[in-house]
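Heads up, the thing below is written out as structure tokens.
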Amino acid sequence: MAPSSERLFDSLGHFGRLQACVYFASVFQAMSCGIHYLASVFMAVTPNFVCGIHGNVSNILFYNSSESSIEDIWTLWTSTENYIVVQLENGEIWELNQCSRSKREVGLDLAYEYKGNKSIYSCSDGFLYDDTKWKSTVVTQWDLVCDREWLAKLIQPTFMLGVLIGAVIFGDIADRLGRQRVIWFTSAGQFLFGIAVAFTYDYYSFVIVRFLLAMVSSGYLVVAFVYVTEFVGIKARTWASMHVHAFFAMGIMVVALVGFLVRTWWVYQIFLSVATLPFILCCWMLPETPFWLLSEKRYEDAQKVVDIMARWNKVTTPCKVSELYSVQQDDPVRDRTGDNGTSSRKKHNILDLFCNWHIARRTITVWLIWFTGSLGYYVFSLSSVSLGGNEYLNLFLIGAVELPCYIIACIGMDKLGRRNTLIPFLILSALICVLIMFIPQDFSILIILANMAGKFSIGVAFGLIYLYTAELYPTIVRSLAVGSGSMMCRVGSVVAPFCVYLRSVWIFMPLLLVGIMALLSGILTIMLPETLGKPLTNTLVEATEMGRNGKSCSGKTPPGQSAPPRQRTPSSPAPLLRPSRKSDSSSSPGASLLWLCTLEMAAPKVAVVGAGVVGLSTALCIVETFPSCSVTVLSDQFSPNTTSNVAAGILIPHTYPGTPIHVQKQWFKETFTYLFALSNSNEASEAGVHLVSGWQIFKNTPTPKEELPFWSDVVLGFRPMSEAELQKFPQHQFGQAFTTLKCECPPYLLWLEKRLKANGVQMYTRKVADLWELHSEYNIIVNCTGIGAHQLVGDEKLLPVRGQVLKVHAPWVKNFIRDGDGLTYIYPGIHSVTLGGTREQEKWSLSPDPGTTKDIFDRCCSLEPSLWGAQNIEVKVGLRPSRWCVRLERQVLSRGGVKLPVVHNYGHGAGGFSVHRGTAKEAARLVGECIAALQGSSSRAKL
């Protein structure tokens, strides 16, 4: 989900009353999936049987026992090699085997052993079945024995094939038509097809209807999993999603209970189908998930669902969808993750899961775990009825043992980690399979307990792999990875019944196969990276690095070579992306330590709040400095609606009284160097960066600091103006000539956004009312909100300085002119000339003042009279975030023992453009310190 979705849960509750009702209603129906998946263990059971005989039986002999009816013989039946001797009223004596019958040629005395001649016949008169346990099964209904036995063995595999196809079909339909419609259709389908199975007239219609039942059952389970996930907040999502499987297990327990009470297969099927009828009657009342509605741009419907959630959860002020997502069709940031929507994105396919050796090895291992988990799960479940003892109790216990296993899985995932929980339980299940082989067959209770332990251990692994797979792969192929893993899971479920049938070859063959697969999976899992506490990756490069970070911290690989650079656009100027060798050589040991800690941490999720030039530059510096970082930009306004869009964008610094001069110079120098490299690249025109020469003039004799400012050796060609040059400005006594850089703010902001998107940064329109509301979604927050910090963090030292400028068309103006006091200036750009300006302290109005417009124009025309001919005058107003000093520092917010690292970078005032890159680099360094601090003592021990 997008980060803005968690904002909704922060407002409405992560698991309120409505979510609880929706959750338990949805997972209640998940029981029907467990019911139908395992119904065949009793419905398709093959009882003891022998060939039928035509005629009236007068006497029956089984070894030394003589009975009057065949029904009395079944209690003595011990092996398929046994046969029954019967004598008819006409004196004929027949030996009845399971798949043949023979007539004795000489019938003198009725004896069990006979050495004489026999005539062998087929079972043309049908079969006689043991009905002491089951009055009727599908096997007895259609004689699925002997040469038709293979048809009985196809019942469960064909069902699982339907499960595979249904998961694919209904998963796609749910994305197209919505979750609620598919849930209603599939739950109704389960009821209707479930009842229809009971009334099928032959084997083939039975298999076809069961196949359709499998499709809708699988479709429901897949969509219900997504449905409840989208309704439950992140604080309860792990437990809620895991326990969907618990209700599936309860369905298995229902199968055991109904199987014990009802012994006729079609009545048994009806009872199983009506078990979840209450859900069918009320599922149409379930709401659609707001996030699917938003994805379909049905904003009004989404708001209705949000309002319903608020009423049920007793939230007095529900959040507005418009505050979470951009709902205007002309909103330039409605899809910040792609230039032209999804059409601009690369289409990914299954081959991307094998793009390099590390990802390919990971994919093979994950697929093997999915396959092994499903194989083991169904082998233990399907074979439970053949363990001896009470088969109904066995199946009930096999289902019941799953309930605590998911609790253990949740605790293990959060405390030990995903990999560290998965490995021991996979290996444990392999050891249990071996252990069962050495238990004598007479110890049925011990065998049942061992099988329960095996089901428990494989259940932990099977439940955990869903979440682990999603965390192992980047956003661009995450759905593909989970989908392909699920396909391998279905393959395992199709193979499982055939594996169980191998008991006829060797009783331990199924356990041997499961044990080998589990052991192999557990060993390969050691090579997978741990994902606990690590951010979701966005690119395959990040995902690859996640598995290699442990090696990078060994000290054998230089930091500069440990991670490949992020993918860049071909036109990206290299100097902008790599630190100079000088800066590398000057790195302190602490910086190297910080770098190693950062690799070990694999970088947490970072949210940059604010999308002006400072916010976007800070996000870019963070993602360039820490390539594995998951960075998101959040703002209620993006270009062209930011304060930065109004800025003149010329690099002439202002002085911050509370910030040391050498620090201000460093910030300016880094910004100038960065933009100068950009101006010499082939991206200069796109970014709107160019050199401009001109004059700064003074009416009075300047002070020493004004005569030789701290930035004079950073700009190009700084010198005093000549007497001839000063004649152009007769009202001024002194001046300076130099060349600096000018940024066209709107294109520069769009260029920054493009660079961020190329580096995998996500951008969302969202109003953040309190930094703490982001603590459940992000590990580190960077506050670049400018004047918004006055309210966001209650900074009373931050004051607005209202600035009003004019944009005019005057292409003949080529040189900038700036009055020394900074109030009057003329800055020529590529498409327009900026005339300014004003500095109105503590004024919050964004409405243009006509009087101020006239005053600005008159002042500028007095410096450059040719401006009287300027055309297309456009007025812009912005609020500069003014502060005694730029707030560039770390802070740790704390509530209820939970800590949230925050980096502040705001308060740049009128000089923001001149120092934006330098302060962004410093903010990125502070983020690195936060990352190192988050790692804590474990990283220090490793280092």
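Any read-out appearing in this document is the output of simple, stated calculations on the displayed coordinates, not a laboratory observation. All figures in this text were calculated on a predicted structure; none of them were measured in a lab. Neighbour counts run over all protein chains shown; Cβ positions are idealised from the backbone, glycine included.
Applying 1/(1 + (r/R0)^6) with r as the Cβ-Cβ distance of Thr701 and Ile873 and R0 = 41 angstrom yields a FRET efficiency of 0.75. Once the mean of 1/r is taken over each pair of separate Cα atoms and inverted, the range 349-548 shows a Kirkwood hydrodynamic radius of 17.2 Å. With a cut-off of 14 Å between beta carbons, the residues surrounding Met253 carry a summed charge of -1, where Lys and Arg count +1 and Asp and Glu -1. Any chance you could give the angle, 0 to 90 degrees and rounded to 10, that helix 203-231 forms with the longest Cα principal axis of the chain? Here the helix axis deviates by roughly 30 degrees. The long axis of helix 509-525 is offset from the longest Cα principal axis of the chain by roughly 10 degrees. For the range 49-132, the residue among Ser119, Tyr83, Val57 whose Cα projects farthest onto the positive side of the dipole built from Cβ charges is Ser119. With the helix formula -39500 (n - 2.57) applied to DSSP H stretches of n ≥ 4, the chain reaches a computed 222 nm mean residue ellipticity of -15500 deg cm²/dmol.
The gain in end-to-end length when the Phe354 to Thr739 segment is fully stretched comes to 133.4 nm, 0.36 nm per residue minus the alpha carbon separation. Classify the range 49-132: rounded, prolate or oblate, from the alpha-carbon gyration tensor (a ≥ b ≥ c, eigenvalue square roots; a/c under 1.5 rounded; otherwise prolate if a/b is larger than b/c)? It comes out rounded by the Cα gyration axes. Could you tell me which of rounded, prolate or oblate describes the range 741-854, using a ≥ b ≥ c as the square roots of the eigenvalues of the alpha-carbon gyration tensor, with rounded for a/c under 1.5 and, failing that, prolate when a/b is larger than b/c and oblate otherwise? Taking the square roots of the gyration eigenvalues as a ≥ b ≥ c, the range 741-854 is oblate. Contact order for the range 187-293, expressed relative to its length and based on alpha carbon pairs under 8 Å spaced 6+ residues apart, stands at 39 percent.
The length gained by stretching the chain between Leu277 and Gln841 to full extension, at 0.36 nm per residue less their Cα-Cα distance, is 196.1 nm.
Stretched out straight at 0.36 nm per residue, the stretch from Arg311 to Thr78 would grow longer than its current Cα-Cα span by 77.4 nm. Computed from the Cβ-Cβ distance with R0 of 60 Å, the FRET efficiency linking Gln441 to Arg298 stands at 0.45.
In the range 349-548, Cα pairs under 8 Å separated by at least six residues give a relative contact order of 37 percent. Residue farthest toward the positive end of the dipole of the range 349-548, with Cβ of Lys/Arg at +1 and Asp/Glu at -1: which of Trp357, Gly388, Cys489? It is Trp357, whose Cα lies furthest towards the positive end.
Computed on the range 416-478, the Cα convex hull volume stands at 75 Å³ per residue. Placing unit charges on the Cβ atoms only, positive for Lys and Arg and negative for Asp and Glu, gives the chain a dipole magnitude near 2800 debye about its Cα centre.
Exposure proxy for Arg179, Arg503, Arg883: other Cβ atoms within 10 Å of each Cβ, ordered fewest to most, give Arg503, Arg883, Arg179.
For the range 171-304, the dipole from Cβ point charges (+1 on Lys and Arg, -1 on Asp and Glu) about the Cα centre works out to 200 debye, to the nearest 20. Which entries in the list Lys767/Lys921; Lys665/Lys742; Lys235/Lys314; Lys705/Lys742 go over 21 Å, if you measure between the two C-alpha atoms of each? The pairs that break the limit, which is 21 Å between Cα atoms, are Lys767/Lys921; Lys705/Lys742.
The overall shape of the range 217-314, judged from the alpha-carbon gyration tensor, is prolate: a/c is not under 1.5, and a/b is greater than b/c. With each label modelled as a point 7 angstrom along the Cα→C-beta vector, the Leu708-Asp821 pair spans 2.7 nm. Summary value for the chain: 11 percent relative contact order, contacts being C-alpha pairs under 8 angstrom separated by 6+ residues. Charged side chains reduced to their Cβ positions (Lys and Arg at +1, Asp and Glu at -1) give the range 741-861 a dipole of some 540 debye around its Cα centre. Taken over the alpha carbons of the range 845-943 as equal point scatterers, the Debye sum produces base-10 log I(q)/I(0) values at 0.10 Å⁻¹ of -0.54. Seen from a random direction on average, the alpha-carbon convex hull of the chain projects onto 45.9 square nanometres.
Each DSSP beta bridge with both residues in the chain is either parallel or antiparallel, and the antiparallel ones are about 75%. Compare the Cα positions of Ala461, Val500, Ile436 along the charge dipole of the range 414-511 (+1 at Cβ of Lys, Arg; -1 at Cβ of Asp, Glu; about the Cα centre) and return the one farthest towards the positive end. Final value for the positive-end residue is Ala461.
To the nearest ten degrees, helix 745-758 and the longest principal axis of the Cα atoms of the chain are 30 degrees apart. Spin-label pair Gln891-Thr673: with each label point 7 Å from Cα along the Cα-Cβ axis, the two points sit 3.0 nm from one another. With both labels modelled 7 Å from their Cα along Cα-to-Cβ, the Leu110 to Ile208 distance reads 4.7 nm.
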